[in-house]
Structure formats: C-alpha cells, structure tokens
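Presented below is the structure to which this report refers.
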Amino acid sequence: MCGIVGIVSSEPVNQQIYDSLLLLQHRGQDSTGIATAEGDRFHMVKAKGQVREAYRTRDMRALRGNVGLGHVRYATRGSAFTEEEAQPFYVGAPYGIIMVHNGNLTNTRELTEELYTLDRRHLNTHSDTELLLNVLANELQPAAADRGLELTSDQVFDAVSRVHDRVTGSYAAIALISGHGVLAFRDPFGIRPLVLGVRSGLNGGDEWVVASESLVLESGGYTIVRDVEPGEAILIGPDGTMTSRMCAKRTELVPCAFEYIYLARPDSVLDGISVYDARLRLGDVLAEQIAEEMREIDIEIDVVMPIPDSARPSAMQVAQKLGIEYREGFFKNRYVGRTFIMPGQSVRKKSVRQKLNAMSVEFKDKNVLIVDDSVVRGTTSREIIEMARTAGAKSVIFASAAPPVVFPHVYGINMPNRSELIAHDRTAAEVAEVLGADHFIYQTVEGMNRAILDGQDHVKRLEQSCFTGEYVAGDVDAEYLEWVEQTQES
C-alpha cells in the first residue's frame, strides 16, 4: 500500500504534488519522493520519512517543470529503512522513464531471472517497482529501435499490453516518459485504486491528475472523470492531450476490500463506492452479529467506543443499531503515524501508547464494547484492551468490523507471515483469551461483502484473499506463500 499521484499542468507542479502527497500521507510514512519533467530534463528528490519533514525549500525550487509525479511509501517489498528503495525509480533508456507504483508483483522471482538472462537489464534493489519499470522500459525498446525519437500512443499502449502479459500481481503505476508526458496504468483486476481527474488550466487547456484516491482530485479543484479501468492505460501529453486504451486481454474489477475497511481515507470514493458509506454499512452489519452473539452472554453493554479514527463510522452505527450509548473513550495523539503500517512489531507496540490514551472517566465501572476496523496481528488490540482495564472498565468486549485475517496478503499490504496473524488457527474465543478480552466478535465474510458492495452494481466482488485464501490474480500457491514468509519481513 502506497500513495501515488501524477499531474500534467499549465504551471509548475511541484507544490501541487507536495500538497497531494500530504493528502495521501495515510497510505505510507516510510519515505517519499517527487519527480518533475522540465523539457527533456528530469528533476527528482526522495527521502526517508514523512512529506512535511522530507522536503526543504531548496528541494522544491529544484523540482522545476509542469509535469510530474509523487509517491509516499509503505514498504511491502524490500527494506523500509533504506533510501535507495524509496520511489520514484529511474531508467535512462529508452527515452528516459521515471515510475511510481502502488501494489505488489507476485512473479518477482521469474521476472528477476528474465530481466537478467533475456533482457540484460540490471536491478539495483529488491523493489518490485524497479522490476516493473524495467519490464516497461524493455517493452518500449522496440519502439525506440523502429521509430527513433518518435513515440506514438499506440506504441506505448502496445508496450503496456506486453507488460500485462509478463507481470502478475497488483499494480497501479504512473510513469513519466521524457518528452512524452505521463503514462498511467492499472493491473487487469484493478486491485489497487487509481482515479483520473481534469480541470481547466490558466491557458484554457486541460490539466490532468491521476491519483490513488479521489480526495486528491477534489482538494485540487479537479472534476473526477472516472476510475482508471482494470487493464487500461492512459497517456497524457505535456500539452494536455489525453488518450487511453484497454491493454489487457482479460479484465475484471476486483478492488481490495481493505481499501474500504482501513486503508483509504473516509472522504474518498473508490471505484464508485464511498469509503465512508461502506464503513457505516460495515457497522450496520456488524451490529447484527454482535446482537446475535451477545444474547448468549450474560453481559449488558453500557457504552460503545471506537478506536479512532478509521473505526469511528462503524462504531457509530453499531451504537445506533443496538440502542447503546456511543462514547469516545480514547484520545488520539495525531502526531504519531498509523500503527498498522509501521515497520516492525516492536515499533508498532511502542507507538500504541504514544498514539492513544484511555480516559478513566469514560471507562470506570462500565461494560465497554470497543469497535476496531480490523485486527491483524493483535499488537494494538492487546495494548488497547489492557489500557481499558487499567482505566477501570468492568469488562471489555472487542468487535472487529472486518472478518478474521487468516491468510497472508500478497497484493500490497504487509501481512506476509501467517504465524503473526492473531486469527490464524484460532477461534474467536481463543483470540479473546490471547488479547485479554472478555469476548471477541468478528464480522463475517458474507457480512463484509454485503456491506461494501451494497447499493451499486459496478463492483461485483472484492479482493479478499487475506480472509478467504482465494488469490484472484493467480500464481499464488502454497510454495509461493512459504517463500514470501521466509523472505519478506513484517
């Protein structure tokens, strides 16, 4: 999970990209990078850390040009601690290409071998973004050989078609091609999001943006044109001319369920589904499950409390549906990053108490129902339950608006190891015991699908492999999952 943005404008894009990355900061906090194109020259700055701390005035001044792209990183492949693996990535031939990418490729072993033995391309990192960039560059090479400096949109789209033939996994990608503008494309299943927008420029022409979430478009005054379709490629020239083509042979829109549960900001709309509305409906359906299970337990819930912020819509609906008082018992320090996407278990555990404080006045002598958006490793949940008890809670019931996470996620979320997943090989009762809760309640897979997909017919099914073990993009078997667990750090 990363955040990406690409802009073609009639004025300098450095500040626009910076502002867009601030809006996407929730999608990654390990590192960030911006690249711009000024004629046939690229300018690039990338650094570890968050957007506000990464760029200096001198950096912004150096990022000249009216075309550019940006990235915020949440490491799912390679190291989170090395600046060399921060995006964007660059190759000098053909033409000169810079790329940012959100997602995970699942045939990296095969591609790495092919690039070395067949394509004679050198890779300098373990990043699958560098892999994807080199595959694209290699597929553009015939156009350079045939037509020299000229590069037509058909040649670009043909190259993207060959990329789809070679690559499996999830990828929403944006590339700068020197002298030819911005190329954006999405994998044939549309697992990771990518949204297209347009506005009128100072000279009366069109200005374009592609970004991971619609909130970037709305904040910048762009009109949302549509989501980039699965398997589609969009090419926007430096003059604002936009062309597009379907480049994959077989496509199906299967967006990641976790975008709606946790990853995306609630004020975004992805593939026609409002994230906020989806989270409200997740609360409605979760309330049904809670009501059913609590009939068998001799505990009368006094208050419903969310884990701020992403669980708040679901918790509000749970309280409303059950007719129980809704209270805010945890105060959040907004200057600490999202614990789920922090690298390393020890860092996550330490940051929980820095991030949240339980207010005793809301907990003392109460039977508390705590609602979270999801429970993955249980590190945060265990600390929160202990905090609630220390603050005086009489009993703690914990509910997850997502189903139990029992399988690795290989499409762009850092859940590589089954042994780390609290729900793996455990019942809800066993999870409650491990976490120290009096009772634990999960959303069902059926309920999750019903909640997220309700009220629309554009998306027929969700990518939900971490709940079901069904991997839509293929090439994922027991051997691959074992390799991921052995080679990928959490």
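Beta bridges per DSSP, both residues in the chain: antiparallel share near 80 percent. Placing +1 on the Cβ of every Lys and Arg and -1 on the Cβ of every Asp and Glu, with nothing else charged, gives segment 348-464 a dipole about its Cα centre of roughly 420 debye. In a DSSP loop and with at most 14 other Cβ atoms within 10 Å, the chymotrypsin sites (Phe, Trp or Tyr not before Pro) in segment 1-110 are 81.
Once you reduce segment 156-197 and segment 400-447 to the center of their Cα atoms, the two points are 33 Å from each other. Estimated purely from DSSP H runs of n ≥ 4, each contributing -39500 (n - 2.57), the mean residue ellipticity at 222 nm for the chain is -9500 deg cm²/dmol once divided by its residues. The 3J(HN,Hα) values that the Karplus relation (6.51, -1.76, 1.60; θ = phi - 60°) gives for segment 378-383 are, in residue order, x, 4, 5, 4, 4, 5 Hz. Gly and Pro appear as x. Using a simple spin-label model with pseudo-atoms 7 Å out from Cα toward Cβ, residue 123 and residue 246 lie 3.1 nm apart.
Put simply, the Cα atoms of the chain extend 77, 50, 42 Å along their principal axes, the longest span coming first. For segment 26-98, the dipole from Cβ point charges (+1 on Lys and Arg, -1 on Asp and Glu) about the Cα centre works out to 220 debye, to the nearest 20.
Dividing the convex hull volume of the alpha carbon atoms of segment 419-458 by its residue count gives 95 Å³ per residue. The listed residues 394, 46, once ranked by accessible area (1.4 Å probe) with the largest placed first, stand as 394, 46.
FRET efficiency for the residue 300 to residue 419 pair, using the beta carbon distance and R₀ = 41 Å, is estimated at 0.65.
The angle between the Cα long axis of helix 345-355 and the longest principal axis of the Cα atoms of the chain comes to about 70 degrees, rounded to the nearest 10. Determine the sum of side-chain charges near residue 206: Lys and Arg each +1, Asp and Glu each -1, restricted to other residues whose C-beta is under 10 angstrom from that of residue 206. Value of the local net charge: -1. Counting only alpha carbon atoms, the long axis of helix 128-147 and the longest principal axis of the chain meet at about 20°.
Shape analysis of segment 377-477 based on the Cα gyration tensor places the equivalent ellipsoid semi-axes at 28, 17, 10 Å, largest first. This model, with +1 at the C-beta of Lys and Arg and -1 at the C-beta of Asp and Glu, gives the chain a dipole about its Cα centre of some 1420 debye. What angle do you read, to the nearest 10 degrees and between 0 and 90, between the alpha-carbon axis of helix 478-487 and the longest principal axis of the chain? Roughly 90 degrees between the two axes. Only one residue of 273, 356, 257 has its Cα farthest out toward the positive end of the dipole of the chain, where Lys and Arg carry +1 and Asp and Glu -1 on Cβ, and that residue is 356.
On the chain, 47 percent of the accessible area sits on carbon and sulfur atoms, based on a 1.4 Å probe. Centroid-to-centroid, using Cα positions, segment 118-133 and segment 1-58 are 22 Å apart.
Which value results when the Cα radius of gyration for segment 79-178 is divided by 2.2 N^0.38 Å?
Numbers: Rg = 13.0 Å, N = 100, 2.2 N^0.38 = 12.7 Å.
That works out to 1.03 for segment 79-178.
Give me the mean projected area, in nm² to one decimal, of the convex hull enclosing the Cα positions of segment 150-201. Kindly include the intermediate steps, with their values, before the conclusion.
Numbers: hull surface 18.6 nm².
Over all viewing directions, segment 150-201 projects a mean Cα-hull area of 4.6 nm².
The values are calculated or read from the model by the stated rules, or taken from the named source; none is laboratory data. Please read these numbers as outputs of a predicted model, since none were measured by experiment. A quick note on method: Cβ atoms are made from the backbone with ideal geometry, for glycine too, and the neighbour counts reach across all protein chains shown. Ligands, DNA and RNA are stripped out before the accessible areas are found, and what is left, the full protein with its side chains, is counted by its heavy atoms. Shrake-Rupley method; radii C 1.70, N 1.55, O 1.52, S 1.80 Å.
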